[in-house]
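**Q** This is the structure, below, for whatever I ask next.
Readers should treat all values here as calculations from the given coordinates under stated rules, not as data from a laboratory. Because the structure is predicted, anything quoted here is derived from the model rather than measured. Methodologically, a virtual Cβ is constructed for each residue, glycine included, from the backbone with ideal geometry; neighbour enumeration extends over all protein chains shown.
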């Protein structure tokens, strides 16, 4: 990672180049002040901290020139060989799971020919979620779950809680909330949410979980949206 700022190198080192992490979302926007901005959000394990906690890391590429992302709809991309950040001429390139001839590409032409998931642009900004942070609009749900399960959710009630909340939340918001509360990898929880949503598996203890959530204020939570 030549010519990469030390703080960015540290993030990539702490997260082991995001190997084994998950790409939660890829979005882009455009404004008068700047050209297109791409935002990639990852759920990744921070290997530099005790217990290797999972954190959310956001990488923004500003003044985007190219975006190539070959993903299936609603696919949660699990990263196998890592994320690379490098310069191609005056541009930054963020590449996911790329396998280039000679290692790091020497030109934008090579990136376009051999890459399958990359973003190029004028600058890059990386932010990582610190401990005890989650999107503000999800905090009410976290508080509801904490009130119902102050000592943690028993394994035999976990999917019952997912099933009850599933009717009122998007897949990703529910996965993010439960991942935050339980400390599990987002990708694992997301797959559990999809399993619950498919209704292929019988869910046990739903009434027990419902009683606990009702006592914790489920109806008020639903009304407040």
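**Q** Just need the relative contact order of the chain here, percent rounded to a whole number, with Cα pairs under 8 Å and 6+ apart.
**A** For the chain, the relative contact order is 17 percent.
**Q** Report the FRET efficiency, 1/(1 + (r/R0)^6), for residue 106 and residue 65, where r is their Cβ-Cβ distance and R0 is 22 Å, rounded to 0.05.
**A** 0.85
**Q** Based on the Cβ-Cβ distance from residue 146 to residue 113, what FRET efficiency comes out when R0 is 41 Å, to the nearest 0.05?
**A** That pair, residue 146 with residue 113, gives E of 0.20.
**Q** Let me ask you something else. Dividing the alpha-carbon Rg of the chain by 2.2 N^0.38 Å yields what?
**A** Scaled against compact globular proteins, the figure is 1.15.
**Q** Compute the separation of the alpha-carbon centres of the range 20-59 and the range 126-183 and state it in Å as a whole number.
**A** The distance from the Cα centre of the range 20-59 to that of the range 126-183 comes to 19 Å.
**Q** Can you give me the P(r) profile for the range 112-225? Cα pairs, bins 5 angstrom wide beginning at 0, each as a whole percent.
**A** Going from the shortest bin to the longest, the percentages are 2, 10, 20, 22, 17, 10, 6, 5, 5, 3, 1, 0.
**Q** Here's another thing I want to ask about it. Rounded to the nearest 0.05, what FRET efficiency do residue 127 and residue 184 give with R0 = 22 Å and r taken as the Cβ-Cβ distance? Could you check?
**A** Between residue 127 and residue 184 the formula returns 0.50.
**Q** Connecting C-alpha atoms closer than 10 Å in a GNM of the chain, tell me which of 95, 155, 185 has the biggest fluctuation.
**A** Result for the chain, Cα springs under 10 Å: 155 fluctuates most.
**Q** Sum -39500 (n - 2.57) across every DSSP H segment of at least 4 residues in the chain, then divide by the residue count to get the 222 nm mean residue ellipticity, nearest 500.
**A** That calculation yields -10500 deg cm²/dmol at 222 nm.
**Q** Sticking with the crude label model, points 7 Å out along Cα→Cβ, report the distance from residue 35 to residue 191 in nm, one decimal please.
**A** Here the answer is 3.9 nm between the modelled labels.
**Q** While we're here: What is the helix-to-structure angle for 171-182, meaning the angle in degrees between its Cα long axis and the longest Cα principal axis of the chain, kept from 0 to 90 and rounded to the nearest 10?
**A** It is inclined by approximately 80 degrees.
**Q** Further question: In square nanometres, what is the average projected area of the Cα convex hull of the range 6-128?
**A** The directionally averaged projection comes out at 7.9 nm².
**Q** Also, I was wondering about something else. So, in nm, how far is label residue 47 from label residue 211 when the simple model puts each one 7 Å beyond its Cα toward the Cβ?
**A** 4.6 nm
**Q** List 50, 127 from most exposed to least, where exposure is judged by having the fewest other Cβ atoms within 10 Å.
**A** 50, 127
**Q** Please tell me the relative contact order of the range 136-224 in percent, rounded to the nearest whole number, where contacts are Cα pairs under 8 Å and at least six residues apart.
**A** 42 percent
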